[in-house]
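The values are calculated or read from the model by the stated rules, or taken from the named source; none is laboratory data. Please read all numbers here as calculations on a predicted model, not as lab measurements. For neighbour counting, all protein chains shown are included, and Cβ atoms are generated from backbone atoms with ideal geometry for every residue, glycine included. Each accessible area value is taken on the protein alone, full model and side chains, heavy atoms only, with ligands, DNA and RNA left out. Shrake-Rupley method; radii C 1.70, N 1.55, O 1.52, S 1.80 Å.
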Amino acid sequence: MKSGSFQRLVEVGRVVLINSGSDAGKIATIVEIVDHRRAIVDGPTTNVKRQVVPLNNVVLTDIVVKSLPRAIGSKRLAVFLEKNQVVEAWQKSAWAKKIDARQRRANLSDFDRFKLMRLKKQQRNIVDRQVALLKKERA
């Protein structure tokens, strides 16, 4: 297959991030393509029930489960996902880490934000002192 402008194709076995509805923020796997606007997704390891979702409501990820049969059942899909370590691969991705950091930041209390500000200030002072020393040595 030639390398074109599209790197993530809608295909059976593609892992998607659901971005709306009750399952928003969870990952699932495309198990069947209904038409050019909808697909059936299932996420037995992430508690996403098998459902038809519009492709506008999901984001395709780089993770693909190779040689996944079409319309596979939830139990066999769970075995495939465990064998390919899909959830672990997602959790290691920069995308998942960024979402997790954003969620942790949103859950900080006022006092936690204050402590974080103080730590950043201390770090900035240390870096500024070291930069000043290096500039002084070069001059």
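For the pair I33 and N107 in one chain, pulling the backbone fully straight at 0.36 nm per residue adds 23.0 nm over the alpha carbon distance.
Site pair E137 and N57 shows an inter-label distance of 5.9 nm when each label is modelled 7 Å from Cα along Cα→Cβ. Give the carbon-plus-sulfur fraction of the accessible surface of segment 15-139 in %, rounded to a whole number; probe 1.4 Å, heavy atoms of protein chains only. Summing carbon and sulfur atoms, their accessible area is 53 percent of the total for segment 15-139. Taking packing as the residue-averaged number of other Cβ atoms within 10 angstrom, the listed peptides 106-117, 72-83 run from highest to lowest as 72-83, 106-117. What you get for the chain, charging only the Cβ of Lys and Arg (+1) and of Asp and Glu (-1), is a dipole of about 740 debye around the Cα centre.
Pairs of Lys residues in segment 28-139 that lie 8 or more places apart, or on two chains, and have C-alpha atoms under 28 angstrom apart add up to 29. Computed over the chain with a Gaussian network model linking Cα atoms closer than 10 Å, the most mobile of K121, K98, K26 is K121. Heavy atoms of the protein chains alone define the surface here; on that basis the chain has 74 Å² accessible area per residue at 1.4 Å probe size. Adding -39500 (n - 2.57) for every DSSP H run of four residues or longer, then dividing by how many residues the chain holds, sets the calculated 222 nm ellipticity at -14000 deg cm²/dmol.
Computed extension length for R50-R129: 22.8 nm, one decimal, from 0.36 nm per residue of separation with the Cα-Cα distance subtracted.
For the peptides 27-37, 129-139, residues were scored by their other Cβ atoms within 10 Å and the scores averaged per peptide; the highest-first order is 27-37, 129-139. Projecting the Cα atoms of A106, V31, I63 onto the charge dipole of the chain, computed from C-beta unit charges around the Cα centre, puts A106 farthest toward the positive end.
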